[in-house]
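Data first, discussion second: the structure below is written as structure tokens.
The values are calculated or read from the model by the stated rules, or taken from the named source; none is laboratory data. Note that the structure is predicted; figures quoted are calculated from it, not measured. Note that each Cβ is placed from the backbone with ideal geometry, even for glycine, and that neighbours are counted across all protein chains shown. The accessibility values were calculated without ligands, DNA or RNA, using every heavy atom of the protein model including side chains. Shrake-Rupley method; radii C 1.70, N 1.55, O 1.52, S 1.80 Å.
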Amino acid sequence: MKIDIYQPGKYLQLARQRLQLPVFMPDATLGVVRSLDSTDLERCGIEAVVMNTFHLMQRPGSSTIQALGGLHKMSAWSHPIMTDSGGFQAYSLIHQNDKFGSINAGGITFKPEASERKFHLTPEKTIQLQVSYGADIVVCLDECTHVDASFEAQALSVERTIDWARRCKSEFQRLMRQKKLPQDQQPLLFAVIQGGGDYGLRRRCAEALLEIGFDGFGYGGWPLDSRGNLLTDIITYTRELVPRTFPMHALGVGHPDNIIACSCIGYDMFDSSLPTRDARNGRLYVFGGDTVPQHIFSGDKCVSYIYISDEKYIKSDAPLSQVCDCLACANYSLGYLHHLFKIGDSLFFRLATMHNLRFIVQLMAHLREFQ
Ligand SMILES: [Zn+2]
């Protein structure tokens, strides 16, 4: 495999750019990190984003993305883009109510409530879409399950995920041959390890996917239990199933404390909508005690929250954080941010999102330093 493209804890070499690891990639689900443009993301130090095939194929739609020159040109983002397969979102939609669609061996059919038309997502189709979008990291279609699903359901999902991954790889190779792209110009192909909370199924899935051969792997399924606690044991076990010569992505892990925990376990890549959603809701991240943590691995909580709607900030002329160099902290007071939040101005969304992303980027820098 391409061992030379990956140095654990150091970097992942993509055709477009080398990613420093560990890396956090904000979710630009519909082709945008809400309220930010690409220069805002660069200013925060963001190196890559995750966009979503399930949502993009609906809005703006694949032919529109093609007409606008692909995802990079459309969003004026020249850095790497990972696209997820859409499997998790389709599963979530159908799990919510099976009138929205169905999953069988062939693939996934779904029709969201607001949509006029039906969509079909097969392993081949998801690879065709992601490659046509110009993604730098392409992800195989997998079948997600809930961590509390029965053993039979988990076992079926694992076999289906393996079968779909094989079909994805074969379609990916066909497209690469067709495009005649040299190896170092090709996107990377990642597969997702399913198996819920069952150790045997996780092993079965990881071993089969390793045998098929991929550039990297993701931890699939819910990373949290019903009380919101990280499923550390099974997440650790799954990382141990994959040799350290391959990068691993903790899909959907975005809470700072969980990022630290997963990074210590050996996960390199993270994506989540949590930091940006928290920002828009006025929950802003600061390092505990407003200092850069000296002992982020000590088990203490790394993040403290500032709830900007709190009246105690009305007349505060202090910045959000003394140790942050983002646009919000460099130029504006807590009092002004509180005011912007109260009047619902879009500037608040931009400043708050930039701050939380800058926090996560700083956290990643600390993790690299301490590793
Ligand atoms: Zn800041």
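Computed values, structure above
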{"item": "Extension gain from Asp4 to Lys73, taking 0.36 nm per residue of separation minus the Cα-Cα distance", "result": "21.9 nm"}
{"item": "Cross-link pairs beyond the 20 Å C-alpha cut-off, checked among Lys312/Lys342; Lys315/Lys342; Lys125/Lys179; Lys111/Lys169", "result": "Lys111/Lys169"}
{"item": "Karplus (6.51, -1.76, 1.60) ³J(HN,Hα), θ = phi - 60°, over the stretch 100-110, in Hz, Gly and Pro reported as x", "result": "7, x, 8, 10, 9, 4, x, x, 10, 10, 8"}
{"item": "Arg166 accessible area, 1.4 Å probe, all protein chains in place, Å² to nearest 10", "result": "130"}
{"item": "24 Å tail of the calculated P(r), the stretch 44-191, as % of Cα pairs", "result": "34"}
{"item": "Folded to 0 to 90 degrees: helix 123-133 orientation relative to the chain principal axis, Cα", "result": "50"}
{"item": "Surface accessible to a 1.4 Å probe, Phe88 within the full protein complex, Å²", "result": "80"}
{"item": "Nearest-0.05 FRET efficiency for Leu30 and Glu159, computed from C-beta distance (R0 56 Å)", "result": "0.95"}
{"item": "Under 5 Å, built H, 5+ apart or other chain: amide partners of Ile108", "result": "Leu121, Thr122"}
{"item": "Solvent exposure, largest accessible area first (probe 1.4 Å, DNA, RNA and ligands not counted), of Tyr307, Tyr267", "result": "Tyr307, Tyr267"}
{"item": "In degrees, nearest ten, helix 346-370 long axis to first principal axis of the chain (Cα)", "result": "70"}
{"item": "Debye intensity ratio in log₁₀ form over the Cα atoms of the stretch 328-371, taken at each q of 0.19, 0.31 Å⁻¹", "result": "-0.60, -1.04"}
{"item": "Model label zone, His146; criterion: amide N under 19 Å from point 7 Å along Cα-to-beta-carbon; scope the stretch 206-241", "result": "220-231"}
{"item": "³J(HN,Hα) computed for each position of the stretch 52-58 - Karplus, 6.51 cos²θ - 1.76 cosθ + 1.60, integer Hz, glycine/proline x", "result": "10, 4, 4, 7, 5, 5, 8"}
{"item": "Cα radius of gyration and Dmax for the chain (Å)", "result": "20.5, 63"}
{"item": "Accessible surface ranking that places the most exposed of Ser272, Ser92, Ser78 first, with a 1.4 angstrom probe", "result": "Ser78, Ser92, Ser272"}
{"item": "Under-5 Å amide H pairs with Met25, H placed in peptide plane, nonlocal only", "result": "Phe270, Asp271, Ser272"}
{"item": "Residues with amide H under 5 Å from that of Leu251, placed H, sequence gap 5 or more", "result": "Tyr219"}
{"item": "Sum of -39500 (n - 2.57) over DSSP H runs of 4+, divided by residues of the chain (222 nm, nearest 500)", "result": "-12500 deg cm²/dmol"}
{"item": "Per the chain, cysteines lacking a partner by the 4.7 Å Cβ criterion", "result": "Cys44, Cys144, Cys205, Cys262, Cys264, Cys302, Cys326"}
{"item": "Translational diffusion coefficient (Stokes-Einstein; Kirkwood radius from C-alpha pairs) of the stretch 196-267 at 20 °C, 1.002 mPa s, in µm²/s", "result": "172"}
{"item": "Between the stretch 228-272 and the stretch 85-154, the Cα center-to-center distance that results, in Å", "result": "23"}
{"item": "Degrees between helix 151-179 axis and first principal axis of the chain (Cα, 0 to 90, nearest 10)", "result": "90"}
{"item": "Vicinal HN-Hα couplings computed from phi for the stretch 247-264 (Karplus, 6.51 cos²θ - 1.76 cosθ + 1.60; Hz; Gly/Pro x)", "result": "x, 10, 10, 8, 5, x, 8, x, 6, x, 5, 6, 5, 4, 4, 5, 5, 5"}
{"item": "Solvent-accessible surface ranking, highest first, for Lys179, Lys169, Lys99, Lys315 at 1.4 angstrom", "result": "Lys315, Lys99, Lys179, Lys169"}
{"item": "Residue-span extension gain [Lys99 to Ser170] - 0.36 nm each, minus C-alpha spacing", "result": "22.4 nm"}
